[in-house]
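The values are calculated or read from the model by the stated rules, or taken from the named source; none is laboratory data. None of the values given here were measured: they were computed from a predicted structure. Here the Cβ is made from the backbone with ideal geometry for all residues, glycine too, and neighbour counts use every protein chain on show.
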DNA sequence: TGCACGATTCGATTAGCATCAAAGTATGGC
DNA sequence: GCCATACTTTGATGCTAATCGAATCGTGCA
């Protein structure tokens with residue numbers, strides 16, 4: 001359950017019960033204890049209760065344990081394709097290096113701000129105007145029956161990027177404007193020449209070696 | 001038991017049994033399993049068997065867990081005096097930042113080499129000559145009925161320095177030549193003006209703010 | 001060669017823990 | 001206001017795994 005949460009997504013106890021292969025009551029007991037010991041935190045939203053790791057320290061401990069555990073026995077190394085590290089979808093939003101860069105940039109230029117409890121993002125008035133000019137309807141995203149914007153910790157970068165309704169809307173715009181195009185049978189995304197230029201002009205993000213970034217071998221492959 | 005080993009000292013199963021508050025047989029079972037899972041490694045010397053952590057990855061995992069565990073409950077923070085971080089004795093050898101710097105330097109200039117299995121050090125022929133000119137009798141240290149030279153991981157620096165007969169001999173020479181002087185009632189050492197100069201000339205080690213390093217406040221205090 | 005000491009193995013005992021079903025609580029939708 | 005859904009609490013149960021003493025093994029010392 002904890003390793004499942006390592007990707008930064010908050011999950012319900014039911015989901016975690018399935019992941020852990022135990023009954024809902026068992027999962028509930030575990031989560032209650034994990035909360036008592038400050039390993040996870042929960043946020044109640046209606047009749048759902050979302051669980052996430054309590055903080056980066058817990059994630060660090062889990063990763064350290066993963067390293068140790070990984071050594072003890074000959075292990076399956078799935079050889080993650082490097083292009084997945086650069087740009088991919090995570091459910092319905094952008095993930096990978098590009099998403100992390102964009103996230104950092106949006107915070108730096110003040111389009112989004114982060115609110116202390118948990119990692120809920122808010123779009124600033126300036127951000128809302130600017131996003132509107134790109135074709136992102138922030139108000140509509142806000143009205144959706146789902147979490148608006150929260151930090152999703154990237155499994156390759158281990159740094160937050162934007163998930164939720166806002167993240168989904170951003171991906172939709174990027175796809176619509178053909179800044180990125182989707183691989184047919186994978187979650188990988190390719191940044192187009194147009195996208196590369198736009199990202200540079202609008203956000204100062206220089207893409208490495210576009211549009212050939214899907215072909216270029218990268219230095220280090222990630223585990224899992 | 002694992003946390004006890006985190007200081008880098010190899011210990012016997014009897015010692016670890018006492019530390020863990022369990023019987024010798026229980027400790028033995030645990031250690032056997034920890035070895036099977038590659039968390040610890042053992043080295044047999046005569047009728048003693050010395051146990052140590054298997055590697056830096058295990059230490060990293062333990063430290064990460066310590067951080068998490070330390071948060072969960074109000075914890076005693078003993079406020080380690082900063083001068084202990086810089087130079088101190090560890091049983092009978094030098095420890096602290098100065099010992100780590102010296103260790104790195106001795107390896108860099110090829111006076112000592114490390115042999116793969118475990119962390120046993122060997123003194124090179126050149127090293128033996130050079131050390132002799134300083135007054136360190138390597139042959140005598142080697143003849144002693146104890147481990148000659150091994151890596152002791154510093155609790156403040158978390159990096160190896162030289163322990164064993166060689167480490168003890170080095171400290172004795174440093175004390176004899178008054179490169180360092182001992183605090184009366186603590187393990188702290190003070191680097192003298194003479195020592196500061198010698199370390200700079202002979203090893204290129206620049207001491208921070210000597211001889212006032214005992215008084216200077218340092219930026220961060222360590223845990224434990 | 002025999003004794004002392006350190007360490008491990010084995011077998012039996014037991015505590016404690018994970019687990020689940022059923023009952024209880026809370027929320028949202030109709 | 002009622003039911004469906006999501007989740008938690010409680011209590012009983014089964015089983016794992018930690019523990020220890022006794023016996024055994026191996027090394028060093030006299």
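If I filter region A:60-81 for residues that are touching a strand residue (DSSP E or B) at 6+ places or on another chain (Cβ under 9 Å) and either at pLDDT below 80 or within 16 Å of DNA strand C (Cβ to nearest atom) (or both), do I get at least one hit? For region A:60-81, residues touching a strand residue (DSSP E or B) at 6+ places or on another chain (Cβ under 9 Å) and either at pLDDT below 80 or within 16 Å of DNA strand C (Cβ to nearest atom) (or both): present. Name the single residue that is farthest from the other protein chains (Cβ to nearest Cβ) among those in region A:2-12 being at pLDDT below 90 and within 15 Å of DNA strand C (Cβ to nearest atom). So, considering only residues that are at pLDDT below 90 and within 15 Å of DNA strand C (Cβ to nearest atom), the one farthest from the other protein chains (Cβ to nearest Cβ) is A:12. Helices (runs of 4 or more DSSP H) fully within region A:1-72 that include at least 3 residues being farther than 25 Å from residue A:147 by Cα and in contact (Cβ under 8 Å) with a residue 60 or more places away in the chain: A:56-72.
Quick grid of which residues meet (1) surrounded by fewer than 17 Cβ atoms within 10 Å (Cβ to Cβ); (2) near DNA strand D (Cβ under 7 Å from one of its atoms); (3) closer than 21 Å to residue A:64 by Cα:
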site	(1), (2), (3)
B:18	yes, no, no
B:26	yes, yes, no
B:29	yes, yes, no
B:32	yes, no, no
B:37	yes, no, yes
B:42	no, no, no
B:47	yes, yes, no
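Within region B:27-54, being modelled with pLDDT of 85 or more, over 26 Å from residue B:89 (Cα atoms) and within 8 Å of DNA strand C (Cβ to nearest atom) holds for B:27, B:28, B:29, B:31, B:32.
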